[in-house]
Amino acid sequence: GNSVTQMEGPVTLSEEAFLTINCTYTATGYPSLFWYVQYPGEGLQLLLKATKADDKGSNKGFEATYRKETTSFHLEKGSVQVSDSAVYFCASLKAAGNKLTFGGGTRVLVKP
Amino acid sequence: DAGITQSPRHKVTETGTPVTLRCHQTENHRYMYWYRQDPGHGLRLIHYSYGVKDTDKGEVSDGYSVSRSKTEDFLLTLESATSSQTSVYFCAISEGTSSEQYFGPGTRLTVT
């Protein structure tokens, strides 16, 4: 079956540091891939997505590239802000399916 | 923001009592989902619906039932709540298969 593995947190950074959160997936076929963000006390918000190999999703300074050869979808941001403190979830959606498979989430804390 | 509301937002109940959580959408999306979020597990799918009166089980459906009598409402029922069902419950919607899902604000349920 499908599965998503992402690095465990918490990840603690200083403001303006570079952020990387690793995500790898296992799936049959070519799933769509997503990053969701959950701010404290809120629901999940879609951050970015990619639907095929080599696609790059980007939003709010975050980027992730769909790498078929390494089955990865790592999230990056060049200069984080305190407001980026949140829990980040990687997820996959198999082709022609409607069931999202989530990773365990990575908590990120950005300190001033 | 997608028009999704959940009620109640917080609930404390005793073991053995029935509990119903409501999800309401104003987007007219066909698909609706119920997830639970627990530390270290990310989000896990409980049940989903692909139309009025059409529902199916997810990966953690034991102890839960759902109903969808109208496009806009999706109800999750715990017939006899147990302490293992203490969790945060999220509703989500999507337009169709292979579409991103949009999440509600969540319901925090505590079973004592």
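What whole-number distance in Å separates the alpha-carbon centres of segment B:20-99 and segment A:49-64?
28
Would you please give the residues with an amide H less than 5 Å from that of A:Leu47, counting only those at least 5 places away or on a separate chain, with H modeled from the backbone geometry?
A:Trp35, A:Tyr36, A:Val37
Please report the accessible area of A:Lys94 (heavy atoms, 1.4 Å probe, ligands and nucleic acids excluded) in Å², nearest 10.
In the full protein context, A:Lys94 sits at about 100 Å².
Applying the Karplus parametrisation 6.51 cos²θ - 1.76 cosθ + 1.60 with θ = phi - 60° to the phi angles of segment B:36-41, what ³J(HN,Hα) value in whole Hz is obtained for each residue in order, glycine and proline being reported as x?
Each residue's phi maps through the Karplus curve to give 10, 10, 10, x, x, 10 Hz.
Would you mind listing how long chain B runs along its three principal axes, going by Cα atoms, in whole Å with the largest first?
Between the extreme Cα coordinates on each principal axis of chain B lie 37, 28, 24 Å.
Select from A:Lys52, A:Lys60, A:Lys68 the residue whose mean-square fluctuation is largest in a Gaussian network model of chain A (Cα-Cα springs shorter than 10 Å).
Ranking A:Lys52, A:Lys60, A:Lys68 by mean-square fluctuation puts A:Lys60 first.
Rounded to whole Hz and in sequence order, give me ³J(HN,Hα) for segment A:101-108 from the Karplus expression 6.51 cos²θ - 1.76 cosθ + 1.60, θ = phi - 60°, writing x for Gly and Pro.
So the Karplus estimates, Gly and Pro as x, are 10, 9, x, x, x, 10, 7, 10 Hz.
Got a number for the accessible area of A:Glu63? Probe 1.4 Å, square angstrom, nearest 10.
We get 80 Å² for A:Glu63.
Among B:Ser84, B:Tyr50, B:Gly40, flag the residue with its Cα farthest along the positive direction of the charge dipole of chain B, charges on Cβ as +1 for Lys/Arg and -1 for Asp/Glu.
Toward the positive end, the furthest listed residue is B:Ser84.
So if I place +1 on the C-beta of Lys and Arg and -1 on the C-beta of Asp and Glu, and nothing else carries charge, what would the dipole magnitude of chain B be about its Cα centre? I want it in debye, nearest 20.
Its charge dipole is roughly 220 debye.
Give me the one-decimal Kirkwood hydrodynamic radius in Å for segment A:55-112, with the sum taken over alpha-carbon pairs.
13.1
How compact and how long is chain A, expressed as Rg and Dmax of its alpha-carbon atoms in Å?
Looking at chain A, its Cα Rg and Dmax stand at 13.4, 43 Å.
What figure in square angstrom, to the nearest 10, would you give for the accessible area of B:Glu72 with a 1.4 Å probe?
Answer for B:Glu72: close to 60 Å² accessible.
Mind checking the mean number of beta-carbon atoms from other chains within 10 Å of the Cβ atoms in A:32-42?
So the per-residue partner count for this stretch is 2.
With a 1.4 Å probe and all protein chains kept in place, how do A:Ser92, A:Ser79, B:Ser84 rank by accessible area, largest first?
If we order A:Ser92, A:Ser79, B:Ser84 from most to least accessible, we get B:Ser84, A:Ser79, A:Ser92.
Over the whole of A:104-110, what's the average partner chain Cβ count within 10 Å per residue? Rounded to a whole number, please.
Mean shielding count: 2.
Once you compute Rg and the Kirkwood Rh from C-alpha atoms, what is the Rg to Rh ratio for the protein assembly as shown?
Here Rg/Rh amounts to 0.97.
Using Cα pairs closer than 8 Å and at least 6 residues apart in sequence, work out the relative contact order for chain B, in percent.
This gives 35 percent for chain B.
The values are calculated or read from the model by the stated rules, or taken from the named source; none is laboratory data. Remember, predicted model here, so these are calculated numbers, not experimental data. So basically every Cβ, Gly included, is an ideal-geometry build from the backbone, and we count neighbours across all protein chains shown. For accessibility, only protein heavy atoms count, side chains too; no ligands or nucleic acids. Shrake-Rupley method; radii C 1.70, N 1.55, O 1.52, S 1.80 Å.
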